[in-house]
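Notes to accompany the following structure.
Bear in mind that the values in this text are calculations on the coordinates, not laboratory data. In this text, all values refer to a predicted model and were calculated from it rather than measured experimentally. Reconstructed Cβ throughout: ideal geometry from the backbone, glycine too, with neighbour counts over all protein chains shown.
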């Protein structure tokens, strides 16, 4: 993909993107997973995850980004994430109330603590990430007529 | 599960249905139709069951604490007479519109997307009604609004996109006003729970914040309910949407997002003063007359119905603005009746459009012979909206006019009578140009609408005919429960907090 000079931006941009895009994705995942112990959370992390794919699209062109996450995959993942969040909320009925935090809370400030909150963050992160990416895809779907 | 656990189901069921449809609708043919039918039927059943559950509840109120967090710290859901009344109205119309859409949406591509957005809209409206938290109300209001912007543009022709854009701009301005109002109230009271807010506002009176936010909310919710100075988006948005969505928008969306929220905030949180009531009555009376005058001169059937909606919402707001028990009863009863007959009229206009391919009054004519059922349901709805005696609209309008005279507002009473007469003229025009007269040559071969569409319109017509029976003593509890909540005013705070403190 880096060898195709016709699509995307210059070699410099492509090289820098190749180096940074993974780091951006990792940073997004970090923000999602640490949402319950540090500032951030599902929404902020999801936006960063989406930005890493948008970054890919800006540097390499639309086709490369779509080959990683297609429109149908984005749409399905978005619905699955929403249903995941709803089922986490529904699990609370096992303890007697909608949205009840039924999992053990653990010690504060540990990664594995706060019960269902990290799970909710993951669901929100996926939903926001693919949702924003899908919005961006929809915006670039228009092509110049040939 | 305990009986009270059905309260969050009003949000869970449509939300789950929406995302299930978008997930499996693309792969399994007709699955979207099955899911939407089951979910809307379940919602209707649960809302009626919840109304009877409320009768046996202590204090006629049920408070559900989400996640077990007691208010004012957590979000609670409050089901009282008014919420329950609105829930039954919304889910009744949503069910019939969903059944109608099963056939009607065949003209459009991508039914699953339509039903996804439809479910999200229902979820937003149910959430607005059931929530007991002011910011939560705003979130659900945005869910319903954004789903409706997308649904107005569903045809993706130039006209639809323009209307949707206009609606989105006006709707966003309204949301911004509401949001700023909520921000001011939050900074003033340090709480977002509606009951707690009312409790704190009650002993912090005489602050400039309260009338200031009152004006912000009046503009915001006035735009959502399209009272007359704020009505410009409605006559574009309603005709552009698919007929089933016009029925939803006109029948319940403007009432839930506009009138219900206005009543809940003005009567139960801020506390109604004579100043607010005078403004509401005036806006109602102006909407009543201006709306119907504009409707009279329209030749596009759906545009005519849209203007008529403005006029009918005026009746609702006038009745509630009177502030007397009889006036509020009339206003809420008219809200229910208008939901039924205006949805029916929009669905009929959809049937005409579906069969004849046009909704221009100058091009149609004589359809009464070719579409006998639609013609008869339309006649019933027209008579109900104009206030002809045995039909439901007559009783609600009569109550509003009597309440006006009781309170000494003869001018407003006269406005209501004039509005009603002009409504009759408007719908005589519809009946004459669409269903009576000779059949035009190019319309000779059209047939009656398919079964699902006819089924919905006939059921709604039956409710129109029998609607007046709701005033019978044995069925009065449905309306009286809602009126009692509005009349209780700011003592809502104490009632909710007391109910929430029960285990």
Quiz prompt | Principal axis dimensions, largest first and in whole angstrom, of region B:329-412 by Cα | solution = 48, 21, 18
Self-check item: Least to most buried among B:197, A:9, B:288 (fewest other Cβ within 10 Å first)
Solution: A:9, B:197, B:288
Quiz item: Summing -39500 (n - 2.57) over the DSSP H runs of n ≥ 4 in the protein assembly as shown and dividing by its residue number, what mean residue ellipticity at 222 nm do you reach, to the nearest 500 deg cm²/dmol?
Solution: -23000 deg cm²/dmol
Quiz item: Shape of region B:59-124 from its Cα gyration tensor (a ≥ b ≥ c, root eigenvalues): rounded if a/c is under 1.5, otherwise prolate when a/b > b/c, or oblate?
Solution: oblate
Quiz item: With each label point set 7 Å from Cα along the Cα-Cβ vector, what nm distance links residue B:190 and residue B:360?
Solution: 6.4
Quiz item: Given the C-alpha centroids of region B:103-139 and region B:204-243, what is the distance between them in whole angstrom?
Solution: 20
Quiz item: region B:352-379 to region B:470-496: how many Å between their Cα centroids?
Solution: 41
Quiz item: Working from the pairwise distances between different alpha carbons, so that the mean of 1/r is found and then inverted, what is region A:11-139's Kirkwood radius in Å?
Solution: 15.6
Exercise. Report, in cubic angstrom per residue, the convex hull volume of the C-alpha atoms of chain B.
Key: 130
Quiz item: Roughly speaking, what is the centre-to-centre gap between region B:62-86 and region B:269-287 when only Cα atoms are used, to the nearest Å?
Solution: 27
Exercise. With a bin width of 5 angstrom, please list the P(r) values of region B:157-250 as percents of all Cα-Cα pairs, from the 0 bin to the one holding the largest distance.
Key: 3, 13, 18, 19, 13, 11, 9, 8, 5, 1, 0
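Taking each residue in B:8-17, count the Cβ atoms of any other chain within 10 Å of its Cβ, then average. What number comes out?
On the way: counts 7, 1, 0, 3, 5, 0, 0, 5, 5, 0.
Per-residue shielding by partner chains comes out at 3.
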Self-check item: Fewest-first ranking of A:6, B:60, using other Cβ atoms within 10 Å as the exposure measure
Solution: A:6, B:60
Practice problem: Quick one: compute the contact order of region A:11-139, relative version, from alpha carbon pairs under 8 angstrom and 6+ residues apart, as a percent. | Solution: 32
Quiz prompt | Three semi-axes of the equivalent ellipsoid, the protein assembly as shown, Cα gyration tensor, whole Å, largest first | solution = 42, 33, 22
Practice problem: Answer rounded, prolate or oblate for region B:1-135, using the Cα gyration tensor with square roots of eigenvalues a ≥ b ≥ c: rounded when a/c is under 1.5, else prolate when a/b is larger than b/c, else oblate. | Solution: prolate
Quiz item: In what sequence do B:278, B:89, A:107 fall when counting other Cβ within 10 Å, fewest first?
Solution: A:107, B:278, B:89
